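Single-structure report; data block below.
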Amino acid sequence: MELEARIAAVRQQIAEAARAAGRRPEEITLCAATKVQSEETIRAAIAAGITVCGENRVQELNAHLAENAYQGAQVHFIGHLQRNKVKYVVGHVALIQSVAGEELLNLIEKQAAKLGIVQDILIEVNIGAEASKSGASPEEADRLAALAGQMEHVRLRGLMAIPPAAEQEGENRRFFAEMRRLFVDMAGKKYDNESTMDILSMGMSRDFTDAIAEGATLVRIGTGLFGPRPTNRAHG
Ligand SMILES: *Cc1c(COP(=O)(O)O)cnc(C)c1O
């Protein structure tokens, strides 16, 4: 299938999942997970209507920014962000989806202050409590949100999660439902007057329809749009 046809098919599935859940398709943002994709593929995806790209490696983000590959779309950072790479990401992306700890939050605030900008962020929640994954516990997420609420150069927009890899279809629905409860609960707290908790980022190629059924407002899809990634390189 051509890229355009794949994008159309995914959009169709998003729309169907939204309607089945009594939601409007426009409520859900499609974020194309562009890791390992070439500049040409990224440009082609944007030409075919992709409006948000998600990168999870700083090196690739940097290279594609230098090529101006994301022209016409937003780019989000969705991967593990190391302390020494913060300066390459803050101010270069519309949204950092993967803020998982206090130290990183402080560094983002500091860098954004230096640039004189406000950086939009999501807090990443390790909803499956997996030792192998980064992400805050629900309690820690609440504490981070309160801290972010005190910061002048960070604006908390919501939560992101990567639940455990499901072995069977539907297995992750309970994690998505838990995320939704946490999101609604935190959004209701209004940690400060500025924050607008309006983004719940969850769902990937295998499980995005379940995520939409449980309230996702942004889904991150790679394989479903671009086909299988080469497996010879390790990518998160
Ligand atoms: C790669 C990636 C995705 C997309 O994964 P697919 O299974 O290919 O759809 C989503 N979120 C993050 C954080 C990723 O790194």
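The values are calculated or read from the model by the stated rules, or taken from the named source; none is laboratory data. Computed from a predicted structure; not experimentally measured. Cβ coordinates were reconstructed from backbone atoms using ideal geometry, including for glycine residues, and neighbour counts include every protein chain displayed. Ligands, DNA and RNA are excluded from the accessible area calculation, which covers all protein heavy atoms including side chains. Shrake-Rupley method; radii C 1.70, N 1.55, O 1.52, S 1.80 Å.
In segment 54-98, which residue that is among the hydroxyl-bearing types (Ser, Thr, Tyr) and more than 16 Å from the ligand (Cβ to nearest atom) is farthest from residue 114 (Cα to Cα)? Filtering first and then ranking leaves 70. Being in a helix (DSSP H, G or I) and open to solvent by 30 Å² or more (accessible area, probe 1.4 Å): is that true of residue 19 here? Against the criterion (in a helix (DSSP H, G or I) and open to solvent by 30 Å² or more (accessible area, probe 1.4 Å)), residue 19 qualifies. Number of residues in segment 100-158 that are within 16 Å of residue 83 (Cα to Cα), of a type outside the set (A, V, I, L, M) and touching an Asp or Glu at 6+ places or on another chain (Cβ under 7 Å): the value is 2. For segment 177-198, state whether one or more residues are in contact (Cβ under 8 Å) with a residue 60 or more places away in the chain and more than 14 Å from the ligand (Cβ to nearest atom). So far as segment 177-198 goes, no, none of its residues is in contact (Cβ under 8 Å) with a residue 60 or more places away in the chain and more than 14 Å from the ligand (Cβ to nearest atom). The one condition from (1) within 18 Å of residue 207 (Cβ to Cβ); (2) within 14 Å of the ligand (Cβ to nearest atom) that residue 34 does not meet is (1). Count, please, the residues in segment 203-221 that happen to be assigned to a loop (DSSP other than H, G, I, E, B) and closer than 14 Å to residue 165 by Cβ. Number of matching residues: 5. Against the test of being within 16 Å of the ligand (Cβ to nearest atom), buried (at least 16 other Cβ atoms within 10 Å of the Cβ) and in a helix (DSSP H, G or I), the options 50, 42 yield a single qualifying residue, 42.
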